[in-house]
1. Of the residues HIS258, HIS276, HIS115, which exhibits the maximal mean-square fluctuation in a Gaussian network model of the chain defined by a 10 Å Cα contact cut-off?
2. In a Gaussian network model over the chain where Cα atoms closer than 10 Å are linked, find which of GLU325, GLU306, GLU21 has the largest mean-square fluctuation.
3. Go through LYS76/LYS348; LYS268/LYS328; LYS201/LYS348 and tell me which ones have a Cα-Cα distance over 20 Å in this structure.
4. Charges on Cβ only, +1 for Lys and Arg, -1 for Asp and Glu, centred on the Cα centroid of the chain; of HIS115, GLY322, ILE79, which one is farthest towards the dipole's positive end?
5. Using the heavy atoms of the protein chains alone and a 1.4 angstrom probe, what is the accessible area of the stretch 2-157 per residue in square angstrom?
6. Consider just the alpha-carbon atoms of the stretch 213-264 and return their Rg together with their Dmax, both in angstrom.
7. How would GLU367, GLU170, GLU150 rank on accessible area, largest to smallest, probe 1.4 Å?
8. Which value results for Rg/Rh of the stretch 172-245 when Rg is the Cα radius of gyration and Rh the Kirkwood radius based on the inverse mean 1/r?
Amino acid sequence: MNAYLLLANGMVFAGRSVGAEGVTVGEVVFATGMVGFQETLTDPSYYGQIITQTYPLIGNYGMNKDDMESDKIWAKGYIVREACQTPSNWRCEETLDSFLKKNNTIGIEGIDTRHLTRIIRESGVMNGAILTTFDPADPANKAETDKLLEEIRAYAVTDAVKSVTCAEPEVYNEKGETHIVLMHYGCKRNIIRCLVKRGCKVTVMPAFATAEEVAALAPDGIMLSNGPGDPAEPVEVIENLKHIFELNIPTFGICLGHQLSALAAGAKTMKLKYGHRGANQPVTDFESGRTFITSQNHGYAVVGDELPAEMGEVAQVNANDGTCEGIKYKKWNCFTVQFHPEANGGPKDTEFLFDRFLNNVKAAKKEAR
């Protein structure tokens, strides 16, 4: 079946349908990973977005139940150069096409993803639609195309955190020695895995849980997860964080958790032209002088210069554009990073940050004795 990608600027890409049929509208972004496509699709951070994979062959090792980062696909659509129909791997359980169909996700293959990536790279993130219902390039369909373009141009990602967070607390590794509360703003399962394999009991809390609810659990440490959307939108979460930090419990924030913490501290965030997405973002750490290769997915960044000096200081920056990638707080027992130290399928260069966090937790427990 034919499928089409219609961008907000009116440009049309013609290709073949992969996954479900119909029409889907979202924010078109690109991801540069050569592997980890199932993890990308099931990452709640991609809520509201149509993902373009820059690597030309996707699905070559198939899909399986173990590589899920959440229970379903959160992306609005999927764009690939070629969707492999004959995956080969001992862990493979199904093809990309069947996985997309099962999750009712509309995709397109057979378009020039390099050309599309250059367009996004030059013009910035752009809304678009994938459709199988009609050809938007056909003049006979002008009325339908114009109506769809109106919808595309009006689209915005809203209520993101509210849409992806859990409804009730969830506990993992009940007998773990160190109790960590993980605030679920759109967290990936590998954050939980990284904590559990270090001997932690993990209580995942809904994004809007209050400081009183957190304190009642008597945690040894708090993690603020990744997640989607404009960080300035969930004002209730930001207000809650101000009170959570006053508990003086060691805290580690990732991605959206990093941005929400900065907003709670009085800083500002800004929308990036095309965001940082993929598995090859260089981050320079001031303390060590080292530059790490990191996995990232975000369209907003903390304005480092807006962080009040008495609250904290920028600890890492993006080596490409100098934007803030990490903050070490002075007022609070907290540090945060914009990138993903828990990234699957990698790189794993910064997973040591979980150890740094747990060392802070152990030091606080020792001091409290």
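1. HIS115
2. Looking only at GLU325, GLU306, GLU21, the biggest GNM fluctuation is shown by GLU306.
3. Where the Cα-Cα span goes over 20 Å, the pairs concerned are LYS76/LYS348; LYS201/LYS348.
4. GLY322
5. 43 Å²
6. Rg and Dmax of the stretch 213-264, Cα atoms, are 10.7, 30 Å.
7. Reading off the accessible areas and sorting them downward yields GLU367, GLU150, GLU170.
8. Details: Rg = 12.3 Å, Rh = 12.6 Å.
Rg/Rh for the stretch 172-245 comes to 0.97.
The values are calculated or read from the model by the stated rules, or taken from the named source; none is laboratory data. Worth saying up front: this structure is predicted, and the values here are computed from it rather than measured. For neighbour counting, all protein chains shown are included, and Cβ atoms are generated from backbone atoms with ideal geometry for every residue, glycine included. What goes into the accessible areas is simple: the full protein's heavy atoms, side chains included, and nothing from ligands, DNA or RNA. Shrake-Rupley method; radii C 1.70, N 1.55, O 1.52, S 1.80 Å.
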